[in-house]
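Q: So that we are looking at the same thing, I have put the structure below in structure tokens.
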Amino acid sequence: MAGRLPPALLRQVRTLALRGRRATDTLLGGEVRSVFRGTGMEFTDVRPYTEGDDVRHLDWNLLARTGQPYIKLYTETRELTLLLIVDRSLSTAIGDPEPKVSREVEAAAILALVACQQQDRVGLIAFGDTVGPVIPPARGQRHAFGVVQSLLTLEPAGRTTELAAALRTAGALLKRRALIVILSDFLAPDWETPLKGLAARHEVTAIALEDSRETALPDGGWVMLASAESGKSVLFDSGDILARRRAESASKRMRARRSAALASIGVREVVIRTQGEYLPALRSAFGRRARGR
């Protein structure tokens, strides 16, 4: 696959591959185990019941056949599927000093490459006003680099954000429990219900993209503000401190509602901003301490 990449894109992939190796050390703190926690339990054996054992693990079929109680034994499966759900709607084209889409694409690519290094499967669902591309999860460097290539070629587009449709697509695509990472600014309607259904069957982390200018508007006098997705515009006096505070308060309330909705569903939220370093945020979500929680 690498031989068919344009030179500029190949350089990006190689740079990200190097960052991925460094990120592994950063996220794992020098450990060799996977940055991602195992998400499944596999039945391996039985043993006789002893006082104090959890009766929920009794093998009822064996009890019925033999009249003797046995406890089922399980081991955590290391086989893991990572599914990245990445926002490519027009609202991700904004951001300072770099757009949200640049941050989310690089963070997603890093996670894909780390998963590849740990021999985990990785897949991709991108979404804007439509859902796609969709890359079913698979294992191997060639496949992971294909995911990275798709990420690097994503372009924000469309007047709507089909996050809900992307979540439903993920539910239909995944047959076994997986780790799902959603990278989005969550400026989309009606995503709570499909996300709740997804979180009931999978481990879900939401990486929320934020631009600091959304809650700290600059003083620039009269400006024309335009919605990246709807195309609607409004004349706004950014020199009016009260007007700025009202706009900033509205943005903060929107973020608070997002955080509350994610918490109520049981989805872990990680915030990545368009300025500053983002690896510490990933480490807090996927590193050694996170695995121990």
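Q: Taking the simple approach of a point 7 Å from Cα along Cα-to-Cβ for both V134 and A250, what is their distance in nm?
A: 3.6 nm
Q: Now, a different point. Which order, highest average first, do 50-56, 150-156 follow once you tally other Cβ atoms within 10 Å for each residue and take the mean per peptide?
A: Working: 50-56: 8.0, 150-156: 17.7.
Result, highest mean first: 150-156, 50-56.
Q: Let me ask something else. State the extension gain, in nm to one decimal, for the chain segment bounded by L62 and R47, taking 0.36 nm per residue of separation less the distance between their alpha-carbons.
A: Details: separation 15, 0.36 × 15 = 5.40 nm, distance 1.09 nm.
Full-extension gain reported as 4.3 nm.
Q: Which far-off residues, 5 or more places away or on another chain, put their amide H under 5 Å from the one on E210, with H placed in the peptide plane?
A: Under 5 Å from the amide H of E210 lie the amide H atoms of I272, R273, T274, each far enough along the sequence or on another chain.
Here, each number is a calculation from the coordinates, and none is a lab measurement. Remember, it's a predicted structure, so these values are computed and weren't measured experimentally. For neighbour counting, all protein chains shown are included, and Cβ atoms are generated from backbone atoms with ideal geometry for every residue, glycine included.
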